[in-house]
1. Can you find, within segment 60-86, the residue that is modelled with the highest pLDDT among those that are outside any strand (DSSP E or B) and within 12 Å of the chain's Cα centre (by Cα)?
2. Test residue 13 against the stated conditions and say whether it is in contact with a Ser or Thr (Cβ under 8 Å, 6 or more places away or on another chain) and outside any strand (DSSP E or B).
3. Quick check on residue 91: is it at pLDDT below 95 and closer than 17 Å to residue 36 by Cα?
4. Could you please let me know if residue 47 is in a loop (DSSP other than H, G, I, E, B) and without any contact (Cβ under 8 Å) to a residue 40 or more places away in the chain?
5. Could you grab me the full set of residues in segment 60-79 that are crowded, with 17+ Cβ neighbours inside 10 Å and within 16 Å of residue 4 (Cβ to Cβ)?
6. For segment 35-59: of the residues being under 23 Å from residue 2 (Cα atoms) and under 13 Å from the mean Cα position of the chain (by Cα), which is surrounded by the most Cβ atoms within 10 Å (Cβ to Cβ)?
7. List every residue pair whose Cβ atoms sit under 9 Å apart, with the two residues 6 or more apart in sequence or on different chains, where the first one lies in segment 60-84 and is within 12 Å of residue 11 (Cβ to Cβ) and the second, anywhere, is among the charged types (D, E, K, R).
Amino acid sequence: MVIKPLRLTVLTPAETLLDVEEVAWVRARLADGGGISIYPGHAPLLAETVTAPLRYANGSGEHVLELEAGILQVDRDGVTIFTSGLTQTSEVFETSEVSEDRRFDRLARTLLRAVPAQPGDVLDAGDEES
């Protein structure tokens, strides 16, 4: 049996916050006070999470997403987290070196998805450093 990389999906009732394939591992904080690390081939699991950072790694590096409490499900397709959303101070951090252009493009796409455009609105992606 070939073990394939994980697919990580983070869902809210209104939208998909994250949908990433080729994930090497996922780490989350559970409601019982402990943490869990999930690697490809992990046994099926259903658990409650707390408001805490969700960490994962893929080919572009290690990432952190600050999530509200929710439900974590591990199945043969990967890891799915159902949450009410991002925490107020949520920001995606990368610990590996990624080009500035790529980071800016990803940030701009995230912002454009998060802000519903109205006719006549002009969206300015702004300065990533601010």
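The values are calculated or read from the model by the stated rules, or taken from the named source; none is laboratory data. Model, not experiment: these values are computed from the prediction. Quick reminder, even Gly has a Cβ in these numbers, built from the backbone with ideal geometry, and neighbours come from all protein chains shown.
1. First, the residues of segment 60-86 that are outside any strand (DSSP E or B): 60, 68-69, 76-77, 84-85.
Then keep just the ones that are within 12 Å of the chain's Cα centre (by Cα); that gives 68, 85.
Details: 68: 93, 85: 88.
Filtering segment 60-86 for residues that are outside any strand (DSSP E or B) and within 12 Å of the chain's Cα centre (by Cα), the one modelled with the highest pLDDT comes out as 68.
2. Working: in contact with a Ser or Thr (Cβ under 8 Å, 6 or more places away or on another chain): yes; outside any strand (DSSP E or B): yes.
Criteria met by residue 13.
3. Numbers: at pLDDT below 95: yes; closer than 17 Å to residue 36 by Cα: no.
So residue 91 does not fit the description; no.
4. Details: in a loop (DSSP other than H, G, I, E, B): no; without any contact (Cβ under 8 Å) to a residue 40 or more places away in the chain: yes.
In short, no.
5. Listed by number, the residues that qualify are 74, 78, 79.
6. So the residue we want is 56.
7. 70/48; 71/48; 72/48; 79/7; 80/7; 83/68; 84/68
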